Amino acid sequence: MTDLYAVMGNPINHSKSPSIHAQFAEQAKQDLVYSAMLVPKEGFEPAVKDFFKGSGKGLNITVPFKEQAFQLATALTPRAQTAQAVNTLVLQEDGSILGDNTDGAGLVRDLVMNQHVEITGKRILVIGAGGAVRGILQPFLEQDPEHIVIVNRTFEKAQLLADSFKDLGSIEAKAFDELTEAFDVIINGTSASLAGELPPLPESVVATHTAVYDMMYAKELTPFLVWAQNLGANKIIDGLGMLVEQAAVSFEIWRGVKPDSVSVLSSMRKQLQGM
Ligand code: ATR
């Protein structure tokens, strides 16, 4: 029987994951079907159990269920444990459900492999202290950056996050008005771009060598990337590559085959621009 995979979320109708995974499966000659499943807000756990009772082998989990997936998993990878959120569930031979989080690995792969942006030895500014940022800090710290600074609208949340990751590397929280020097890499992990807003960063954080990344993406450049471009940033990058790469890491975990994410990213870029 064909193995089934799906992404569960609410809402789910704009998800690009079915298209990405269908392309991976075709390239890698994998016999599988990947669909998008709209799950009622109160119905996550039964939906997962039903899925795995049938031919379901793996799931991606998106908003608002990543924390519930973390609770539901019977075993967790260390990076999912640290992120306290799960975006990938894997049905194991013995019937247990392994939870992983591939978001941070996806971002690191997009930066390092696709964009040739170094993290090792660099000074990194991360904006935001929500679930998205929690998911990327361990994979970032594993790359051994010189230092990570976290800023957030609600400073206390940045402080808590920096405290909980400080054993893994050099990381501190700062207030926006304490920022003076330029960074090598800046990551926007806030949802401000969704509201068409900009985090209140001083212009001095961007220099001509700075790579600026927005975890959001849209047909047009996000306001954050336009701001960085106008300041002369060396590179501006949106989150489409992160989306494709986190999917590639999930696919590899499920199927044991590494898909050609570069060609899929370029086809997803064309799709986005044609919309
Ligand atoms: P996610 O899981 O996507 O990270 P979240 O946990 O709600 O979602 O976190 C959203 C992040 O975006 C937070 O860091 C939030 O700042 P607060 O902690 O102060 O709420 C940040 N954010 C959202 N809208 C913003 C805006 N307009 N300007 C600046 N930061 C914003």
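Would the chain count as rounded, prolate or oblate if I go by the C-alpha gyration tensor, calling it rounded below 1.5 in a/c and otherwise prolate when a/b exceeds b/c, oblate otherwise? Walk me through the numbers on the way to the answer.
On the way: a/c = 1.91, a/b = 1.54, b/c = 1.24.
Taking the square roots of the gyration eigenvalues as a ≥ b ≥ c, the chain is prolate.
Give, rounded to the nearest 20 debye, the magnitude of the charge dipole that the range 104-238 has about its Cα centre when Lys and Arg contribute +1 at Cβ and Asp and Glu contribute -1 at Cβ.
Working: 10 positive and 18 negative charges, 52 e Å.
For this selection, approximately 240 debye.
Over 25 Å apart at the Cα level, from the set Lys166/Lys219; Lys16/Lys219; Lys122/Lys166; Lys29/Lys57; Lys122/Lys235; Lys66/Lys122, are Lys166/Lys219; Lys66/Lys122.
Please give the per residue accessible area of the range 36-170, computed with a probe of 1.4 Å over protein heavy atoms only, in Å². Write down the numbers at each step before the final one.
Working: 6140 Å² over 135 residues.
Result: 46 Å² of accessible area for each residue.
Applying a 10 Å radius around every beta-carbon, put 192-200, 261-269 in order of their mean neighbour count, most first. Numbers along the way, then the final one.
On the way: 192-200: 14.2, 261-269: 17.4.
Output ranking for 192-200, 261-269: 261-269, 192-200.
Look at where the Cα atoms of the range 105-123 and of the range 1-79 average out, and the two centres are 27 Å apart.
Out of all DSSP beta bridges in the chain, what portion is antiparallel? Express it as a percent rounded to 5. Counting DSSP beta bridges with both partners in the chain, the antiparallel share is about 20 percent.
Between Met275 and Glu178, what length in nm is gained on full extension when 0.36 nm per residue of separation is reduced by their alpha carbon distance? Don't jump to the answer; show the numbers that get you there.
Values: separation 97, 0.36 × 97 = 34.92 nm, distance 4.05 nm.
Value of the extension gain: 30.9 nm.
Just the accessible area per residue of the range 194-275, please: how many Å² with a 1.4 Å probe? Provide the component values of the computation, followed by the final result.
On the way: 3760 Å² over 82 residues.
So the range 194-275 comes to 46 Å² accessible per residue, rounded to a whole number.
Converting phi to 3J(HN,Hα) with the Karplus coefficients 6.51, -1.76 and 1.60 and the offset θ = phi - 60°, the range 25-30 yields 5, 5, 4, 8, 6, 9 Hz in sequence order, with x at every glycine or proline.
Tell me, what is the percent relative contact order of the range 104-238, built from C-alpha pairs under 8 Å that lie six or more residues apart? The partial results should precede the final answer.
On the way: 262 pairs, mean separation 28.2, N = 135.
RCO, the range 104-238: 21 percent.
Exposure check, 1.4 Å probe, all protein chains in place: His209 carries approximately 90 Å² of accessible surface. Within the range 194-227, whose backbone N sits under 18 Å from a point 7 Å along Cα→Cβ of Ser19? What the label zone holds, given the 18 Å backbone N cut-off, is 216-222.
The share of accessible area on the range 104-238 that comes from carbon and sulfur is 49 percent, using a 1.4 angstrom probe.
Whole-Hz Karplus values for the range 77-89 come out as 6, x, 6, 6, 4, 5, 6, 6, 8, 10, 10, 9, 10 Hz, taken residue by residue from phi with 6.51 cos²θ - 1.76 cosθ + 1.60 and θ = phi - 60°; glycine and proline positions read x. Protection proxy ranking for 210-217, 244-251, using the average of other Cβ atoms within 10 Å per residue and placing the highest first: 244-251, 210-217. Couplings 3J(HN,Hα) of the range 259-275, computed from phi: x, 7, 6, 5, 5, 5, 4, 5, 6, 5, 5, 4, 4, 4, 6, x, 6 Hz, in residue order, whole Hz [Karplus 6.51 cos²θ - 1.76 cosθ + 1.60, θ = phi - 60°; x for Gly and Pro]. Indicate the gyration tensor shape class of the range 104-238 (rounded, prolate or oblate), computed on the Cα atoms with a ≥ b ≥ c the square roots of the eigenvalues: a/c under 1.5 is rounded; otherwise a/b larger than b/c is prolate and the rest oblate. Judged from the Cα gyration tensor, the range 104-238 comes out rounded (a/c under 1.5).
The values are calculated or read from the model by the stated rules, or taken from the named source; none is laboratory data. Keep in mind the model is a prediction, meaning the values are calculated, not measured. No Cβ is skipped: glycine too gets one built from the backbone with ideal geometry, and neighbour counts run over all protein chains shown. Ligands, DNA and RNA are excluded from the accessible area calculation, which covers all protein heavy atoms including side chains. Shrake-Rupley method; radii C 1.70, N 1.55, O 1.52, S 1.80 Å.
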